[in-house]
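Single-structure report; data block below.
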Amino acid sequence: MSSSPFDAHLHVRGESQFIDDRLVPAGTLHAAVLTSPVARGRLLALDGTAALAAPGVRSLLTARDIPGENQIGGILPDEVLLAGAELDFIGQPVALIAADSAAEARSAVSLIRLEYEEEPPLLDAREAARRGEFIQPPRVFTLGDVESAWSRCDVILEGRADSGGQEHLYLETQGALAWPEEQGGIKLISATQSPTTVQRIVARVLGLPMHKIEVDVLRLGGAFGGKEDQATAWAAMAALAAFHLHRPIKLVLRRHEDMRWTGKRHPYSSDYKIGLTRAGKILAWEVTYYQNAGAAADLSPAILDRTLFHATNCYAIPNLRATGLCCRTNLPPNTAFRGFGGPQAMFVLEAAIDQAAQRLGLPAAQIQAANLLDEGYEFPCGQRAHNAQARRCWQELEQRCRPAERRQAIDRFNAGHDELKKGMAIMPICFGISFTNTMLNQANALVHIYNDGSVGVSTGAVEMGQGVHEKLRAIAARCLGIRIERIRIESTNTTRNANTSATAASTGADMNGHAVRIACEVLLARLRPFIARLAGLDQEGLVTIRREQIQAGERLLPYTWEKLIAAAWAARISLSAHGHYATPGLHFDRVTNKGEAFAYHVYGAALVEATIDTLRGTCRFDAVRIVHDAGCSLNPGIDRGQVEGALLQGLGWMTLEEVLHDDKGRLLTDSMTTYKVPDLFFTPGEVELHWLERSEGGNGPFRSKAIGEPPLMYGIGGWFALLDALRAARPGLELPYISPMTHERLLMALHTGETAG
């Protein structure tokens, strides 16, 4: 049997299908959206007369046309689908046009006349906090007694750190295709990481039960968190039009629309206070995070929680107070992005460690190493570190990559060069794996063995380029003892798999893989007694299937996999099974902020080396050397790609990718000409990846560990490597801790000693 195509092959051939590649049903109409032109104001009137008279236009829909509830908020009910009287951000949907073609729909949108009163927008998180504009009450995590700890500190430092937003820039923009079905149902093909969320919100908007809404996802052209909740609005609008017009509706955003109208990684501004001994041991850590949530909650409360969970990164800090402020502003609601609030917390702590190193006259790496957590450390949430690998990752990095020798080589280079200067930094990480909302830590799988021996697997996992489907194929093949070529992963569908969690938080392969394993075990439990009867055995425990060879004890049975399955089907044995998995041991009390929040933690350490051109302000990353804890990897090739991709995305966030708005709330970086992302020429000259040897493994299938999010944090080391190079060029330079470290900021720091704010 030849290998069935999987995503990598389809991508290379250009055969992968996304929403824009689907053949649309006959009679499909196309939708375009009118959005708010102001960041804050009141809508007084809407005149759609000219638009409705335009060629090809079939309908104009506003909030008045919503038959159910005009509410798409997930965590909090604070976001309408279509604006009513209040305008809260530029890009907020106000009305929907359906027309015979996309061009006609967009042309008609421009004919709608709005009358509104504009008000000064609120764009800064700190200003929002001063005005008391919060999405939720402040969140506070504590550990030990931070107030009494200050008196034991030899050095106490205070400072501020700011990290910018980040555009998702997925290859496939937001979009959906909806069409009516019999009995008043709606079927959708949606570019979403969370089909169940789309199903639930569409049902709410249309006033229908969830069983009348079917959502199907074949794959996504990238997501990175930007399609976890933010895909929902566009699907709901397509469904609304299909509901009213009884016609299929296609709605796909253009690139500049997607960039202007959708939320980004949250910008954070943070105040900190750190207390240490003269030897560099951290005794106390106090931090306040000002999260710019945008105009509505979206996923911001959960993202802020993960920031607080990661307030100490991989360091054993005994006394802590971390306060998180979820600040409401007049920007598009910001949302999930790879790392989900963890990177913002880690950047602040690394900034404080750098400041402490400068004050104490110690290498930052010395302070980092002195504070690495060990087994049994109590995290801010009260969970104890189990199978802690932070120190082992650091030690293996030292053994393999010899940072002391690299430092000497960099110092020699800098002594002999004026125009070019090199720098380096080490970035250790510790990242918790699970949804911070305990109820989301569940998954289900449906496995069919067809009577020809082929196998179909359905789960809630969404394939978005991360290779989760290939991992699920491998898990099913390994569990059943058959070749991977026999396994097909079906599209993610709410009818086949109900009540699923989003593919996010690095849990996709973990939870869905375990659900597949459980379903396969159910099938094997049915097949083994049947095989035992065929072999004339009394004990089914002696039956095994390995490499498609069926054994009873030491005896090889004369059955191929195909013949076995055909015989089982003829004997009326059920060859379909459902598996449900709930991550064990998780609980978290949001009143005390204590509990077992994560199934396990992922550890690692990266050595980043960079060179800056002191005349031009440009930079390059010479090498990144990583020791990463992947447990017992399910697929080292996929995992390597995930590490390298996450690293590059993290370096982009820290150095190139700058999201800018004007004082009216208009996005200035709304195209590829104004928003810089890593490309081939930005890629580090060398990426050296080592898997942590003799890892204790994780709680994923077959002792694997999640891979998607944790490596992004290695990119933070890039910012500090550039800072190190700057100090080689300008000894004694003190810069504000503001990311990204763009070429502009580099040049200004080199020639003025300041950076652009």
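The values are calculated or read from the model by the stated rules, or taken from the named source; none is laboratory data. What you see is a predicted model; the values in this text were computed from it and never measured. Neighbour counts are summed over all protein chains in view; Cβ atoms, including those assigned to glycine, are modelled from backbone coordinates with ideal geometry.
Against the list (1) closer than 30 Å to ASP639 by Cβ; (2) assigned to a helix (DSSP H, G or I); (3) in contact with a helix residue (DSSP H, G or I) (Cβ under 7 Å, 6 or more places away or on another chain); (4) of a type outside the set (Phe, Trp, Tyr), the condition PRO678 fails is (2). In segment 452-485, of all residues being of a type in the set (Gly, Ala, Ser) and assigned to a loop (DSSP other than H, G, I, E, B), the one that is farthest from the chain's Cα centre (by Cα) corresponds to GLY453.
Here's the yes/no breakdown for (1) under 24 Å from TYR170 (Cα atoms); (2) in contact with a helix residue (DSSP H, G or I) (Cβ under 9 Å, 6 or more places away or on another chain); (3) aromatic (Phe, Trp, Tyr):
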{"site": "VAL202", "(1), (2), (3)": "yes, yes, no"}
{"site": "PRO209", "(1), (2), (3)": "no, yes, no"}
{"site": "GLU214", "(1), (2), (3)": "no, yes, no"}
{"site": "ARG219", "(1), (2), (3)": "yes, yes, no"}
{"site": "PHE224", "(1), (2), (3)": "yes, yes, yes"}
{"site": "ALA236", "(1), (2), (3)": "yes, yes, no"}
{"site": "LEU240", "(1), (2), (3)": "no, yes, no"}
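Scanning segment 604-627 for residues being farther than 30 Å from GLU693 by Cβ and not in a loop (DSSP other than H, G, I, E, B) gives a total of 5.
Any residue that is buried (at least 23 other Cβ atoms within 10 Å of the Cβ), assigned by TED's automatic domain parsing to the domain that holds LEU651 and more than 23 Å from LEU651 (Cα to Cα) - is there at least one of those in segment 349-359? No, there is no match, as no residue in segment 349-359 is buried (at least 23 other Cβ atoms within 10 Å of the Cβ), assigned by TED's automatic domain parsing to the domain that holds LEU651 and more than 23 Å from LEU651 (Cα to Cα).
Residue pairs whose Cβ atoms lie under 7 Å apart, sitting 6 or more positions apart in sequence or on different chains, and linking a residue in segment 257-286 that is closer than 16 Å to VAL348 by Cβ to a partner that is part of a loop (DSSP other than H, G, I, E, B) and of a type in the set (A, V, I, L, M), are ILE282/ILE317; TRP285/ILE317. Taking segment 166-195 as the range and being surrounded by fewer than 20 Cβ atoms within 10 Å (Cβ to Cβ) and assigned to a helix (DSSP H, G or I) as the test, the residues that pass are GLU182, GLN183, GLY184. Number of residues in segment 334-374 that are part of a loop (DSSP other than H, G, I, E, B) and either within 17 Å of ASN313 (Cβ to Cβ) or touching a Ser or Thr at 6+ places or on another chain (Cβ under 7 Å) (or both) equals 8. In segment 344-356, the residues that are under 14 Å from TRP719 (Cα atoms) reach residues that are of a type in the set (S, T, N, Q) with C-beta atoms within less than 6 angstrom, at least six apart or across chains, in these pairs: GLN344/SER163; GLN344/THR307; MET346/ASN313; PHE347/SER163; VAL348/SER270; LEU349/ASN313. Name the single residue, out of those in segment 415-434 being assigned to a strand (DSSP E or B) and not aliphatic (A, V, I, L, M), that is farthest from the chain's Cα centre (by Cα). The qualifying residue farthest from the chain's Cα centre (by Cα) is LYS421. Considering LEU220, LEU251, LEU304, the condition of being closer than 30 Å to LEU177 by Cα, outside any loop (DSSP other than H, G, I, E, B) and not charged (D, E, K, R) is satisfied by LEU251 alone.
In this structure, PRO428 does satisfy being in contact with a Cys (Cβ under 8 Å, 6 or more places away or on another chain), in contact (Cβ under 8 Å) with a residue 12 or more places away in the chain and in the same structural domain as ARG625 (by TED's automatic domain parsing).
Note on segment 575-603: residues that are of a type in the set (S, T, N, Q) and outside any loop (DSSP other than H, G, I, E, B) total 1.
Hey, does segment 399-407 have a residue that's of a type in the set (Lys, Arg), at pLDDT 95 or above and in a loop (DSSP other than H, G, I, E, B)? Checked against the condition, which is being of a type in the set (Lys, Arg), at pLDDT 95 or above and in a loop (DSSP other than H, G, I, E, B), segment 399-407 yields at least one hit.
Could we say that ASP162 is of a type in the set (Asp, Glu), closer than 30 Å to ASP271 by Cα and either in contact (Cβ under 8 Å) with a residue 24 or more places away in the chain or assigned to a helix (DSSP H, G or I) (or both) here? Answer is yes for this residue.
Looking only at residues in segment 436-449 that are outside any strand (DSSP E or B) and out of contact with any helix residue (DSSP H, G or I) (no Cβ under 8 Å at 6 or more places or on another chain), the one that is surrounded by the most Cβ atoms within 10 Å (Cβ to Cβ) is LEU440.
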